[in-house]
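The values are calculated or read from the model by the stated rules, or taken from the named source; none is laboratory data. These numbers were taken from a predicted model, which means no experiment stands behind them. Cβ: placed from backbone, ideal geometry, glycine included. Neighbour counts: every protein chain shown.
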Amino acid sequence: MKSRIILAGIARLLALMLTASLAGALLLRYAPGFSSDERELNTGLSAGSIQAIRQERLAQGNVPSFYLHYLASLCRGDLGNSISLNQPVRSLLHDRLPVTLQNLFLALLLAWIVGLALAFTSQLTRSRLAVAAGEGVSGVLISTPAAALALLFVLFRFPLWTAAGLLILPKIYRYSSNLLGEGYEKPHVLMARAKGAGTWGILFRHVVPAALPQWVSLLGVSVSIAIGVMLPLEAIGDVPGIGQLAWQAALSRDLPLLVNLTMAVTFLSVAATTLSDSAKHSLLRNAA
Amino acid sequence: MKTLRIIAIVTLMAAAVAALGARYIAPGGYEHQFREATDAAPSAHHPLGTDELGRDRLARLLYGLRVSLGMAPLAALLTTVLAGLLGGIAGCFGGWVERSSMFLADLFLSIPWLFLLITVRAALPLNIAPESSAAITFLLLGLLGWAASARVVCAGAKNLMSSDFVWNARAAGFSGLKLVRLHLLPNLRGTLLAQFWISIPVFIIAEANLGALGLGVTEPLPSLGSLLKEMQEMVTLRPEPWRVAPIFVLIILVSSFQVLLNKQEVRA
């Protein structure tokens, strides 16, 4: 049963990744202006070099052959070359991915700590002030575009991962607050309270264990949200991560780079949700 | 909460009136250059000052508000129609139709939303007429934002298809369009309305992000996103507090939608 869930998750991950990258390749191939290359305007290039650039562009124009060639190269560990940056995509990803992953980790850590702290405070104290503070903070943050927060954080010279953390926080707070609220209203919890069980006992013996599988699932979703949020933050904050790279690739219609970034981002996002879903099922099975 | 909702409604109405009456509030228009007062500080003539080209910042903010407030509901309508069609068909037919529709929705949802938007927007021409860029930006939002809503609609349609009254209707000979028109659509109306309301603030935020990255509405037409892009040089040059007005307007506007949204969701 467990291996079936994992295999289904891996199959889904592969199918989504292949479809996503193919869609990216099709999109870029049929985008207006694909056949032209800015490098051809460079007066320093010889006729032979310009011809070579045209041939390279022409070879990439045939999407099925480009894509099949790409998949074959991928199996060999070759991710191709970036047209706009004139560097191997693998080395670009190697340089940029750790920056994004580090910021992603710090942002998630901040979001989960503050989000859970707010949710626990509002549910444990049940004070109107705590609930209003939690709702107010999450309401304002959920209404703030990532780009706007990035501008403010650059202006005040705050680290950008804190902005990413604040943008993920509302989802964590709201979901956790609802989970805890539902947990406290379950019949056996009400019974335990009626029998005089202590606040912490109820929380850690009944409410938290019931909410744990959902939190594990939310962890995967929060990784996916964080990846999306990092893109405008890195682009505006001039952070050399894969978000900034994706933005540069999209602006310069750099097909090999964009396809690989699509794959990387989709892989991270789907792998995180697949892993967390598997962990959630495992927890639910153990609880049963 | 009731007071908060009243404040949100008043705020949205004030924003709509200000956007519609931009011509009267700031008669100069969004592209008129006051060449004698470039990069001016706030004054009686220009309450938010002027930009480097001498254009009135208040006028640009009001016209930007008009673009975002006017186009986001249209994009939300498009996305709701798409979600209704795809989710509704998937929920009604089930089987491979549902599986393939939901796989498509999964695909859209697995690629982070902004990444998807940036990629698709960049694949289209960037140097185009401002009006076309506004239309393309919001059209893209409408075309790409359906996936999450389609999942909700699909679940709703599936529930309805297995409900007693639909079984009775089918047994009584109702099928096809008649079943959809008389039983499914009226019962899905609440869900669709909720998805429409949810999409509006999402699209306003998405346009702001795209605009700030230079992939949204192009100059000289302002939008809330393109106003954020104009602010980027402030970060490296000099801090002038009145220039951050678009950020606060944006947050207040979207917050107002969020406050009203809870009510709409409850109704749905």
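Do you know which residues across segment A:213-224 are modelled with pLDDT under 90 and within 12 Å of chain B (Cβ to nearest Cβ)?
A:G220, A:V221, A:S224
Which residue out of B:A59, B:A44, B:A15 is under 17 Å from B:I252 (Cβ atoms) and hydrophobic (A, V, I, L, M, F, W, C)?
Just a single option satisfies the conditions, and that option is B:A15.
Can you tell me which residue within segment A:8-36, out of those that are of a type in the set (S, T, N, Q) and at pLDDT below 75, is farthest from A:H281 (Cα to Cα)?
Across segment A:8-36, the extreme among qualifying residues is A:S36.
Among the residues of segment A:37-62, count how many are under 30 Å from B:F103 (Cα atoms) and modelled with pLDDT under 70.
2
Does B:G88 satisfy the criteria of being out of contact with any Lys or Arg (no Cβ under 9 Å at 6 or more places or on another chain), over 25 Å from A:I227 (Cβ atoms) and surrounded by fewer than 17 Cβ atoms within 10 Å (Cβ to Cβ)?
no
For A:S65, are the conditions met, namely being in a loop (DSSP other than H, G, I, E, B) and among the polar types (S, T, N, Q)?
The answer is no for A:S65.
Any residue at all in segment B:190-201 that's closer than 30 Å to A:P145 by Cα, out of contact with any Leu (no Cβ under 8 Å at 6 or more places or on another chain) and among the hydroxyl-bearing types (S, T, Y)?
Yes, there is a match, as at least one residue in segment B:190-201 is closer than 30 Å to A:P145 by Cα, out of contact with any Leu (no Cβ under 8 Å at 6 or more places or on another chain) and among the hydroxyl-bearing types (S, T, Y).
Kindly indicate which of B:P42, B:P27 is modelled with pLDDT under 85, more than 14 Å from chain A (Cβ to nearest Cβ) and more than 30 Å from A:V265 (Cα to Cα).
Result: B:P27 is the single residue among B:P42, B:P27 that is modelled with pLDDT under 85, more than 14 Å from chain A (Cβ to nearest Cβ) and more than 30 Å from A:V265 (Cα to Cα).
Run down A:A111, A:A130, A:A163, A:A148 and say which single residue is assigned to a helix (DSSP H, G or I), among the small types (G, A, S) and over 23 Å from B:A208 (Cβ atoms).
It is A:A130.
Tell me, which residue of segment A:137-176 that is more than 9 Å from every other protein chain (Cβ to nearest Cβ) and of a type in the set (S, T, N, Q) is surrounded by the most Cβ atoms within 10 Å (Cβ to Cβ)?
Ranking the candidates gives A:S176 first.
If a residue has to be surrounded by fewer than 14 Cβ atoms within 10 Å (Cβ to Cβ) and of a type in the set (A, V, I, L, M) to count, how many in segment B:10-34 make the cut?
Selection size over segment B:10-34: 4.
Would you confirm whether any residue within segment A:191-199 is closer than 22 Å to A:Q102 by Cα and in contact (Cβ under 8 Å) with a residue 12 or more places away in the chain?
Scanning segment A:191-199 turns up no residue that is closer than 22 Å to A:Q102 by Cα and in contact (Cβ under 8 Å) with a residue 12 or more places away in the chain.
Could you give every pair whose Cβ atoms fall below 7 Å, whose first residue belongs to segment B:254-268 and is at pLDDT 80 or above, and whose second residue is assigned to a loop (DSSP other than H, G, I, E, B) and not β-branched (V, I, T), counting only separations of at least 6 or pairs across chains?
Cβ pairs passing all conditions: B:V254/A:S143; B:S255/A:S143; B:Q258/A:S143.
For A:L92, indicate whether it is at pLDDT 80 or above and either surrounded by fewer than 14 Cβ atoms within 10 Å (Cβ to Cβ) or assigned to a helix (DSSP H, G or I) (or both).
Spelling it out, A:L92 is indeed at pLDDT 80 or above and either surrounded by fewer than 14 Cβ atoms within 10 Å (Cβ to Cβ) or assigned to a helix (DSSP H, G or I) (or both).
Can you report the number of residues in segment A:59-89 which are exposed (fewer than 14 other Cβ atoms within 10 Å of the Cβ) and closer than 15 Å to A:L245 by Cα?
Number satisfying all stated conditions: 2.
Could you say whether any residue in segment A:192-207 is within 13 Å of another protein chain (Cβ to nearest Cβ) and either crowded, with 19+ Cβ neighbours inside 10 Å or farther than 20 Å from A:Q123 by Cα (or both)?
no
All but one of (1) farther than 25 Å from B:I204 by Cβ; (2) among the charged types (D, E, K, R); (3) at pLDDT 90 or above hold for A:K171; which doesn't?
(1)
Does any residue of segment A:273-288 turn out to be in contact with a Leu (Cβ under 9 Å, 6 or more places away or on another chain) and closer than 30 Å to A:N81 by Cβ?
No, segment A:273-288 contains no residue that is in contact with a Leu (Cβ under 9 Å, 6 or more places away or on another chain) and closer than 30 Å to A:N81 by Cβ.
Filter segment B:203-215 for residues that are within 10 Å of chain A (Cβ to nearest Cβ) and either of a type outside the set (A, V, I, L, M, F, W, C) or assigned to a helix (DSSP H, G or I) (or both) and give the result.
B:I204, B:I205, B:A206, B:E207, B:A208, B:N209, B:L210, B:G211, B:A212, B:G214
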